[in-house]
Amino acid sequence: MTHELLKVQVDVLLALVETHHKHEMSPRVLASIGGGLGWDLGTLWELDGEVLVPRSQWRSRWLLASALEAETARLRPARGRGLVGKVWERAEAMWSSDLASEPEFSRAASAREDGLRTGVLVPLVASGRVLGVLELFRREALAPASGVIDVLALLGRALGTYLERVQSRGELEAALRALDAELQDRE
């Protein structure tokens, strides 16, 4: 497992360095983590105002269709609401070996329909703020693996930093456009 963890870390870090837009980065990162570590379904949630929005989803080739994926696409959890909102609020990773028994997991019926039993949710943190959540699901019931959780937490910080950088760049570009427009109006 150590080799797989190292390969996933390198793949994700390369994706963060080589991509300049979130819409390019997200699917690549989810495929690297999900495929590299044997998960079946993944979602990258991003903070959008007062809610989390599923920006990208990934599904293994073994999961032909997914009720959970479809339900997730429609959700917009607020801080503290559902498992995703709880991870956002607490800013700490959460592992469940039995999703169906999690009272806060509103999508339990869809997970059961897909045969998904284990879930791990990791906050994407930068500068002390949660900017999103990485969510992964697997068919097998797995006990928490500290090495996997540690690597996912590290990747969560890297992804959070990436999101913060992209957000800052967007704000800077908007300010430059506004300044340029103001200068154009003065001429």
(request) Could you please find all residues in region 31-45 being closer than 19 Å to Asp150 by Cα and either open to solvent by 70 Å² or more (accessible area, probe 1.4 Å) or in contact (Cβ under 8 Å) with a residue 40 or more places away in the chain (or both)? (result) Ile33, Gly34, Leu37, Gly38, Trp39, Gly42, Thr43, Leu44
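Residue under question is Glu171, and the condition is that it be open to solvent by 30 Å² or more (accessible area, probe 1.4 Å), in contact with a Ser or Thr (Cβ under 7 Å, 6 or more places away or on another chain) and either modelled with pLDDT under 95 or among the aromatic types (Phe, Trp, Tyr) (or both); does it hold? Let's see the steps before the verdict.
Details: open to solvent by 30 Å² or more (accessible area, probe 1.4 Å): yes; in contact with a Ser or Thr (Cβ under 7 Å, 6 or more places away or on another chain): no; either modelled with pLDDT under 95 or among the aromatic types (Phe, Trp, Tyr) (or both): yes.
Spelling it out, it is not the case that Glu171 is open to solvent by 30 Å² or more (accessible area, probe 1.4 Å), in contact with a Ser or Thr (Cβ under 7 Å, 6 or more places away or on another chain) and either modelled with pLDDT under 95 or among the aromatic types (Phe, Trp, Tyr) (or both).
With respect to Glu113, is the statement that it is more than 18 Å from Ser26 (Cα to Cα), crowded, with 16+ Cβ neighbours inside 10 Å and among the acidic types (Asp, Glu) true?
On the way: more than 18 Å from Ser26 (Cα to Cα): yes; crowded, with 16+ Cβ neighbours inside 10 Å: no; among the acidic types (Asp, Glu): yes.
No: the conditions fail for Glu113.
Could you check how many residues of region 114-124 are under 11 Å from the mean Cα position of the chain (by Cα) and over 15 Å from Gly85 (Cβ atoms)? Even if it seems obvious, please write down each step before you answer.
The first filter runs over region 114-124 and keeps only residues under 11 Å from the mean Cα position of the chain (by Cα), leaving 120-124.
If we keep only those that are over 15 Å from Gly85 (Cβ atoms) as well, we get 120.
Going through region 114-124 one residue at a time, the tally reaches 1.
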(message) Cβ contacts < 6 Å: first residue under 18 Å from Leu44 (Cα atoms), restricted to region 1-18; second residue open to solvent by 70 Å² or more (accessible area, probe 1.4 Å) and not polar (S, T, N, Q), any location; separation 6+ or different chain. Result?
(response) Ala15/Arg28
(request) Filter region 120-140 down to the residues that are surrounded by fewer than 17 Cβ atoms within 10 Å (Cβ to Cβ) and touching a helix residue (DSSP H, G or I) at 6+ places or on another chain (Cβ under 9 Å), then identify the one that is farthest from Glu102 (Cα to Cα). (result) Ser127
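Residues Glu89, Glu71: which one is free of Cβ contacts under 8 Å to residues at least 60 places away in the same chain, more than 30 Å from His3 (Cβ to Cβ) and surrounded by 15 or more Cβ atoms within 10 Å (Cβ to Cβ)?
Working: Glu89 fails: surrounded by 15 or more Cβ atoms within 10 Å (Cβ to Cβ).
After ruling out the rest, the residue left standing is Glu71.
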(request) Please find, within region 46-67, the residue that is most open to solvent (accessible area, probe 1.4 Å) out of those that are assigned to a loop (DSSP other than H, G, I, E, B) and out of contact with any Ser or Thr (no Cβ under 9 Å at 6 or more places or on another chain). (result) Arg61
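The values are calculated or read from the model by the stated rules, or taken from the named source; none is laboratory data. Computed from a prediction, not measured in an experiment: that's the story for all the values here. Counting neighbours? That spans all protein chains shown, and the Cβs are built from the backbone with ideal geometry, glycine included. For accessibility, only protein heavy atoms count, side chains too; no ligands or nucleic acids. Shrake-Rupley method; radii C 1.70, N 1.55, O 1.52, S 1.80 Å.
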